[in-house]
1. Output the residue which, of all residues in segment 233-253 that are part of a loop (DSSP other than H, G, I, E, B) and within 19 Å of the chain's Cα centre (by Cα), is farthest from ARG216 (Cα to Cα).
2. Go through segment 133-170 and give me each residue that's among the β-branched types (Val, Ile, Thr) and either touching an Asp or Glu at 6+ places or on another chain (Cβ under 6 Å) or part of a strand (DSSP E or B) (or both).
3. Of a type outside the set (A, V, I, L, M, F, W, C), under 20 Å from VAL90 (Cβ atoms) and touching a Cys at 6+ places or on another chain (Cβ under 8 Å) - does that describe any residue in segment 137-146?
4. Return yes when PHE192 is touching a residue at least 40 places away in the same chain (Cβ under 8 Å), assigned to a loop (DSSP other than H, G, I, E, B), among the hydrophobic types (A, V, I, L, M, F, W, C) and in contact with a Phe, Trp or Tyr (Cβ under 9 Å, 6 or more places away or on another chain) and no when it is not.
5. I'm trying to understand the selection: among the residues of segment 109-135, which are of a type outside the set (A, V, I, L, M) and in contact with a Leu (Cβ under 7 Å, 6 or more places away or on another chain)?
Amino acid sequence: MPKFVSDLQVVDILRVGLSGLCFLLSLLAFWLISREQSRQGSPRERILRATYVFMVANLVAAILVAISGYFTQRPQASSEGALAADRYLVDYTSYLVDLTQWTEKTLGPVVITRTDYVRKVSDTKEDYVIPYFTTGQEITCEPLTFSSRPIFTRTDDPEKKGVHYDYRLPIGHEPAGHSEMVSSRFTFPSGFRDPQHEWWQASVAYPTKTVVVTIRFPSDKPGKGITISRIEGIKGKEPITDNLPVQSDNGKVAMWVGLNEKGDSRIEFDWDW
């Protein structure tokens, strides 16, 4: 087992249930592909074929997660110690932040794959909406896995700096109890401009049981001195000191797991490289 997986809070992730197991399997597939790409010479066909079979098995497991939501009754009201959700409750959100193509000359691209397993807990007609922002020129979005195709719309505000978007999952018309998994790839062609110190924020717009962030740095610019903060609503940054990211592979990979995030917040990662 790779070190960065053994360093994870695996037990806490598995407590989420089948969705947590699916995340761990997907993470292992990501690691296998990464290892094969890092080898010198052409990729080995037998290894790639085995990896693809493993990925298909993961996809089948993910489908089981989605189907199980229709046959499992979950309480909509929160009990003591549980998350309070009035519109949507997210079982898990995972981010794979790939900085390996970034260079000081090109300032990118940076590719971020986000996966959400969303559960609608009320009769609200509002869609599931995640705000996006970049200091660069733009963000492009490629939906990967979905039942309801997500919509990515630019929503610039003259009073706000930068380029803003809404990532919308159009499920407001669905009944309470509806659930589905959605995954999309976001490309930032020029949003990371500082060759010495950078930051990135994971948006947690709705109450979320598990947030998992994996950051992969360029081989010649590993992440150093990573700090993490939580920004709730319009409040300032509050440093997170009791749950720090785990780094492995000489700083080339950083991982962080957050549990029971309340929503309407962002998790900010700051690092030197």
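1. First, pick out the residues of segment 233-253 that are part of a loop (DSSP other than H, G, I, E, B): 233-236, 240-245, 249-252.
Restricting the remaining residues to those that are within 19 Å of the chain's Cα centre (by Cα) gives 240, 243-245, 252.
Numbers: ILE240: 21, ASN243: 19, LEU244: 16, PRO245: 12, LYS252: 6 Å.
Checking each candidate, the answer is ILE240.
2. Keep residues of segment 133-170 that are among the β-branched types (Val, Ile, Thr), which gives 134-135, 139-140, 145, 151, 153, 155, 163.
Those that are among the β-branched types (Val, Ile, Thr) and either touching an Asp or Glu at 6+ places or on another chain (Cβ under 6 Å) or part of a strand (DSSP E or B) (or both): THR134, THR140, THR145, ILE151, THR153, THR155, VAL163.
3. Of segment 137-146, the ones of a type outside the set (A, V, I, L, M, F, W, C) are 137-138, 140, 142-143, 145.
Of the ones still in play, those that are also under 20 Å from VAL90 (Cβ atoms) are 143, 145.
Right, trim to touching a Cys at 6+ places or on another chain (Cβ under 8 Å) and you get none.
Taking every residue of segment 137-146 in turn, none turns out to be of a type outside the set (A, V, I, L, M, F, W, C), under 20 Å from VAL90 (Cβ atoms) and touching a Cys at 6+ places or on another chain (Cβ under 8 Å).
4. On the way: touching a residue at least 40 places away in the same chain (Cβ under 8 Å): yes; assigned to a loop (DSSP other than H, G, I, E, B): yes; among the hydrophobic types (A, V, I, L, M, F, W, C): yes; in contact with a Phe, Trp or Tyr (Cβ under 9 Å, 6 or more places away or on another chain): yes.
Yes.
5. As a first pass, look at segment 109-135 and keep what is of a type outside the set (A, V, I, L, M): 109, 113-117, 119-120, 122-128, 131-135.
Correct list: THR113, ARG119, ASP127, TYR128.
Okay, residues lined up against (1) over 27 Å from TYR117 (Cα atoms); (2) among the β-branched types (Val, Ile, Thr); (3) not in a strand (DSSP E or B):
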{"position": "GLU180", "(1), (2), (3)": "no, no, no"}
{"position": "VAL212", "(1), (2), (3)": "no, yes, no"}
{"position": "PRO222", "(1), (2), (3)": "yes, no, yes"}
{"position": "GLY225", "(1), (2), (3)": "yes, no, no"}
{"position": "ILE231", "(1), (2), (3)": "no, yes, no"}
{"position": "LEU259", "(1), (2), (3)": "no, no, no"}
{"position": "PHE269", "(1), (2), (3)": "no, no, no"}
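Only the coordinates and a few stated rules stand behind these numbers; no lab work does. Everything numeric here is computed off the predicted structure, so don't read it as measured data. Note that we place each Cβ from the backbone using ideal geometry, even for glycine, and neighbour counts take in every protein chain shown.
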